[in-house]
Structure formats: C-alpha cells, structure tokens
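These notes are about the structure you will find just below.
The values are calculated or read from the model by the stated rules, or taken from the named source; none is laboratory data. Bear in mind that the values here come from a model prediction, so they are computed numbers and not experimental data. We place every Cβ from the backbone using ideal geometry, glycine too, and count neighbours over all the protein chains shown.
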Amino acid sequence: MACNTKSPQAQRDKASSPANRPTRVPISMLLSNEEQTAIGILPASRWQQQFPQEEPNDRFAARAKTASLTESIFQFREIHGRTYHSDIGNAQSWEPNDERHIDAMEIAHHTFTLVIGRRLYCAPLDKKRIQSVLDVGTGTGLWAIDFADEFPDVDVLGTDITPIQPNWVPANVRFELDDCNLEWTWPDNTFDFIHGRMLVGVIEDWYEFHRQAFRTCKPGGYVETFVGCTTFQCDDGTLKEGSAMSQWGKVFNEGGRQFGRTFEVYENDLQRKAMAAAGFEDIRYQDYFIPMGGWGSDKEAAERGLWWKIALEADLEGYINYIFNCLVGWTPEETKAYADQLRKEWSNPNIHGYFWARSAWGRKPEQFPEDTRTGR
Ligand SMILES: C[S@@+](CC[C@H](N)C(=O)[O-])C[C@H]1O[C@@H](n2cnc3c(N)ncnc32)[C@H](O)[C@@H]1O
C-alpha cells in the first residue's frame, strides 16, 4: 500500500487519483485542494519552505532542551512504510502499530500518568470492592499492567484491535482483540471499573460507548476516560494563524470528521454528556493545562508540556502519517517537512501554544430505573 517516488506534486496527483490511493482509505476521505482551503488547511508545499527561526528566550531555553491469534491478525496494513492493524471488521485506526510507535506509546503512558498526578486513575475506587477491570483500546497494555501490579487481586482485561501487548505480564492481566465500536459481548454488570485513555479518533459514537459501558459496569462501579485536545490555543498572539501548530488541530479535526471518529471530544464535552446520557451519576472531571513544550513559570504544568512534546516527538511522523497522508494526500516528504516545522515551533519557548486535557469519571448508581422496573 506504500506510495512513494516522484515529485511532491506528482505524488499528490498520484495520491489524488482514486486508482492509486491506499486501498483501505475511503475514497471520500481525501480532500480536494479547494476543500482544504475552505477549512483553512494550507497547501502542503508550504512546509517545504524555509521558516525564519526566532531567538529562544533564555529563561525557558534550558527547560526546552532538556490468545490464540490467527495469522491474519498479523497481516498488517501498510501506509508509506508504516504498519497498521490488520483488517478486523470495520476498524480503522490512525495509529501505526510498529516498533517505533510502540516505543512512543510507552513514553505517552508515562506522560499521561504524570499529567493526571502520577497515578493511573482519578475515580474514587473502593479498593476493597473491585474485582474486575476493563481497559478499552489498551495499546501497549502498560496501563493495564501497572493497574494489575497495583491491584494484584483484581482481574484486568485490556482490549484493542491490534496485538501489540507484551506476553510477559502479571498473572492477573489478559489481553483480547476487540473492536470497541461493535456491540460489547460481556454480560451485564461485569466490571467494577471501565477505563479508556486517549480514545480520540477511535470511538465512533461516544454515547453508544457509554451506554455499553453502563450496561457492563457493575452497580456502584465507575467509568473513566482521559482525552487531550488536538487544537492549540494561545492567549498572547505568539502562536500565529498559518503556523504549523495552528494547522495541527485543523487537519486532525477534519480527519476525525471524515473517517467518523471524532478528535473533538474535549471541545464538545463529550465525556460528561455521554456519561450523563447513559445514566452514570456523580460525574466529576479534572482539566489539565498543557503548555506545549514546557514554557511558562508553573513548573508542574511545564513538566506536563515538556513530556507531551517528548511523547509526540518520539514518533511525530507516525502520529501524522495516516491522517495527513490519507486525508489531505500529502507525500511522506511533505509530511516530514511539516513535522520539522512543528518541532521548531513547539520547541520555541517564545511561542505560547497550549491545550487542555481532561479526565472525567462517573459512577453507575447502585440502583437504577431498570432495577425498579424489573423488581431486581
Ligand atoms: C492513542 S492509543 C491509546 C492507547 C492506550 N489507551 C494508552 O493510553 O496508552 C489508541 C488505541 O486505540 C486502539 N484502537 C483503535 N481503534 C480501536 C477500536 N475500534 N477498538 C479498540 N481499540 C481501538 C489503537 O489500536 C490504539 O492502541
């Protein structure tokens, strides 16, 4: 499925031709130049120009440097030399599953736990009561493994559409291939805690996801999700319209719309709305300010921003490959030039781009309307 060689324009023309597009990307996804312009996505050629470098501000410069699986499961899709999950139903993941990306996801695991206060979850779990935990879209499985270490008597199940989890895991962890967008097959009232981290661009319908979580959660159990925004904000005008950072959210958000899995979860407050609609109560949330790259005088926030940058840069091309190549038809060379510019911008302590991340959690009532109706 790799598309390469030829000039960027020839590549783009080639990618734009339905016959040459990576076969599993819906043809309707690739935006024409006019459509890109209409939603503010700049031409790819822009990122191959030279950009003037601003002088770093010394005060911040130092910080800134600083199962039984069948063979088909391993027949991975390939886009521009990066591998993705095999064909499994209608699943469509924008994240590679190769070694480089697995390494990056491991750094991301550290970053996300640091962001939420060096812990694995926020919900007020009753440690004496929990027996069974589900981690949806578990990725490398590190969250599930760490949770299992912390709760050796709890059974932890991690699910994903791609088998990138390690084999050597604590005895109380197991992993299964499962598409979270299909109907969940676990019986009612199975789990004490259902966890989903960074499932932006993954979940097709956040309301349906939470309905399934509500059904499979035990009364008194919790659901918790964590998401980060793809849209950078700036309060002092240092992040300019037309910069690489300003384009990041535009392309991801449009990509999510095109392939039916939104990235705008925080922006639309989907976690809390969907929890409430499903029937969860005692819904709480915590927002985290992430100054990208680690600028600013708030040391804790700066640490979050620096780690987020490190996590993304561990495989920046991998994070943007699917969405940018397949949605806007960029060649690998154009994507690389854009990635180089991004690195420059968010490493510049004079550019004060930030975004928000959010943990939200809610409890399934001990008694809920269905109980009353059925007399259970
Ligand atoms: C951003 S990663 C997050 C991984 C993990 N939750 C973490 O925080 O480290 C998103 C994960 O969702 C998985 N994924 C994508 N589509 C999925 C689907 N339909 N069902 C289950 N998992 C899916 C991807 O394979 C990837 O591992």
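Restricting to the stretch 326-361, what's the tally of residues that are of a type in the set (Ser, Thr, Tyr) and part of a helix (DSSP H, G or I)? Summing the residues that are of a type in the set (Ser, Thr, Tyr) and part of a helix (DSSP H, G or I) in the stretch 326-361 gives 3.
Summed over the stretch 109-131, residues that are over 16 Å from the mean Cα position of the chain (by Cα), closer than 16 Å to residue 170 by Cβ and buried (at least 17 other Cβ atoms within 10 Å of the Cβ) total 2. If only residues of the stretch 90-142 that are among the β-branched types (Val, Ile, Thr), assigned to a loop (DSSP other than H, G, I, E, B) and more than 7 Å from the ligand (Cβ to nearest atom) are counted, the one that is nearest to residue 357 (Cα to Cα) is 116.
Apart from one condition, residue 367 fits all of (1) modelled with pLDDT under 95; (2) outside any loop (DSSP other than H, G, I, E, B); the exception is (2). On the given criteria, is residue 158 on the phi > 0 side of the Ramachandran plot, buried (at least 21 other Cβ atoms within 10 Å of the Cβ) and not β-branched (Val, Ile, Thr)? The answer is no for residue 158. Within the option set 266, 288, being within 18 Å of residue 356 (Cβ to Cβ), out of contact with any helix residue (DSSP H, G or I) (no Cβ under 6 Å at 6 or more places or on another chain), crowded, with 16+ Cβ neighbours inside 10 Å and of a type in the set (Phe, Trp, Tyr) holds for one residue only, 266. Residues in the stretch 209-266 that are among the β-branched types (Val, Ile, Thr) and closer than 22 Å to residue 159 by Cα: 216, 223, 225, 227, 262, 265. Residue under question is residue 298, and the condition is that it be crowded, with 16+ Cβ neighbours inside 10 Å and among the acidic types (Asp, Glu); does it hold? So residue 298 does not fit the description; no. What single numbered condition from (1) more than 10 Å from the ligand (Cβ to nearest atom); (2) at pLDDT 95 or above; (3) more than 30 Å from residue 297 (Cα to Cα); (4) in a loop (DSSP other than H, G, I, E, B) fails to hold for residue 67? The failed condition is (2).
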